[in-house]
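Peer 1: Once you've had a glance at the structure underneath, I'll fire off some questions.
The values are calculated or read from the model by the stated rules, or taken from the named source; none is laboratory data. Predicted model, so just to flag it, every value in this text is computed and none were measured. Virtual Cβ from ideal backbone geometry, glycine too; neighbours counted across all protein chains shown. What goes into the accessible areas is simple: the full protein's heavy atoms, side chains included, and nothing from ligands, DNA or RNA. Shrake-Rupley method; radii C 1.70, N 1.55, O 1.52, S 1.80 Å.
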Amino acid sequence: MQFQQLQYFVAVAETRHFTRAADLVHVAQPSLSQQIKALERELGADLFLRARGNITLTDAGEALLPLARRILADADTARHEVQELAQLRSGRIRLGATPSLCTGLLPDVLRAFHDRYPGIRLLIEEGGSHDLVRELARGALDLALVVLPLPTPSPALTTVGLLREDLVVVSSPEAPAPGRGRTVRISDLESERLVMFRHGYDLRELTVAACRAEGFEPDFAVEGGEMDAVLGFVRAGLGVAVVPRMVATKSGRGLRVTPLARPGLHRTIALAHRSDVAPPRAARELQRMLLER
């Protein structure tokens with residue numbers, strides 16, 4: 001009994017038609033018929049009653065059908081499991097993340113993942129949440145780390161909350177301390193010149209919205225940079241910036257870090273992937289490591 005013969009048998013049993021079954025399994029109809037006859041000879045029983053325009057299962061065919069389906073399903077499971085294991089030895093993960101998360105959160109997690117699965121290539125795309133959501137939707141990314149709430153809610157994406165992160169104010173130690181020294185109120189930023197991220201950057205929108213809620217428009221000394229550039233401009237004394245605490249902790253050398261006064265500013269980081277397509281096994285393993293960090 002051959003595996004292929006069982007595939008042909010199930011196809012005929014489900015379509016009740018030899019020609020349609022042959023199309024379904026992509027084989028010529030005479031070849032399919034020959035394989036079914038060979039299976040019947042081996043089993044010593046007819047599997048189908050063949051009447052003009054009417055194909056039905058015999059008692060032997062009815063008995064074989066659930067067993068054949070189980071064998072084929074087990075074979076698919078075995079193939080899937082082996083492919084899953086193979087995906088952890090080679091392949092790639094396309095991960096999107098905001099630049100601040102590439103600086104603060106990802107290095108340690110990616111190092112641990114690479115140590116465990118050195119054959120997996122990690123392709124990182126930096127961008128704002130809006131851009132990353134668009135790339136996820138068109139299938140260009142497997143996973144993305146985004147800031148909630150999403151700029152454009154999408155029912156086609158599944159998001160899982162990862163962490164809630166405080167924002168802090170960074171400034172040059174050589175410049176006067178912003179605010180009252182120990183903490184900074186949002187209203188204190190009215191008298192400061194800000195080093196501001198480019199348009200589309202989540203931190204830009206969050207900071208500007210907080211200032212407007214206090215009744216003023218922020219004054220930009222420099223704007224348009226990515227995270228590394230913003231921190232460099234702050235070190236040079238061009239102004240202050242609002243950044244995630246994790247970034248300030250990891251990249252804060254040469255910077256004064258001052259907490260925001262309560263209630264402060266926070267952001268929620270989430271893992272996102274398409275709802276209609278399961279991420280590859282390697283991407284799911286990276287997702288697990290991020291959630292367990």
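Peer 1: Taking only C-alpha pairs under 8 Å that are 6+ residues apart, what is the relative contact order of the stretch 116-202 in percent? Let's see the in-between values first.
Peer 2: Numbers: 37 pairs, mean separation 25.6, N = 87.
Value for the stretch 116-202: 29 percent.
Peer 1: What percent does the relative contact order of the chain come to when contacts are Cα pairs within less than 8 Å and at least six residues apart?
Peer 2: Details: 458 pairs, mean separation 61.3, N = 293.
21 percent.
Peer 1: Give me the Debye-computed log₁₀ of I(q)/I(0) at q = 0.09, 0.13, 0.15 Å⁻¹ for the chain, equal point scatterers on Cα only, no solvent, two decimals.
Peer 2: So the normalised log intensities are -0.61, -0.91, -1.08.
Peer 1: Here is a follow-up. If you roll a 1.4 Å probe over the heavy atoms of the protein chains, what accessible area per residue do you get for the chain, in Å²? Intermediate results must be reported in sequence, preceding the final value.
Peer 2: Values: 15320 Å² over 293 residues.
It amounts to 52 Å² per residue over the chain.
Peer 1: For the stretch 74-167, what is the relative contact order in percent, using Cα pairs closer than 8 Å and at least 6 residues apart in sequence?
Peer 2: Working: 90 pairs, mean separation 30.3, N = 94.
Computed value for the stretch 74-167: 32 percent relative contact order.
Peer 1: Continuing with the same structure: Note down the nm distance, to one decimal, between modelled labels 7 Å out along Cα→Cβ at Val257 and at His114.
Peer 2: For the pair Val257/His114, the computed spacing is 2.3 nm.
Peer 1: Now, a different point. What is the local net charge at Arg235, summed over the other residues whose Cβ is closer than 14 Å to its Cβ (Lys, Arg +1; Asp, Glu -1)? Kindly include the intermediate steps, with their values, before the conclusion.
Peer 2: Working: positive: Arg253, Arg256; negative: Glu174, Asp228.
It works out to a net charge of 0.
Peer 1: How compact and how long is the stretch 148-254, expressed as Rg and Dmax of its alpha-carbon atoms in Å?
Peer 2: Using the Cα atoms of the stretch 148-254, the pair Rg, Dmax is 14.6, 49 Å.
Peer 1: Once R0 is set to 35 Å, what does the formula 1/(1 + (r/R0)^6) return for the Cβ-Cβ distance between Ala38 and Arg121, expressed as a FRET efficiency to the nearest 0.05?
Peer 2: Working: r = 45 Å, r/R0 = 1.30.
In this case the efficiency is close to 0.15.
Peer 1: Express the C-alpha Rg of the stretch 58-101 as a ratio against the empirical globular expectation 2.2 N^0.38 Å, rounded to two decimals.
Peer 2: On the way: Rg = 20.0 Å, N = 44, 2.2 N^0.38 = 9.3 Å.
Taking N as the residue count of the stretch 58-101, the ratio is 2.16.
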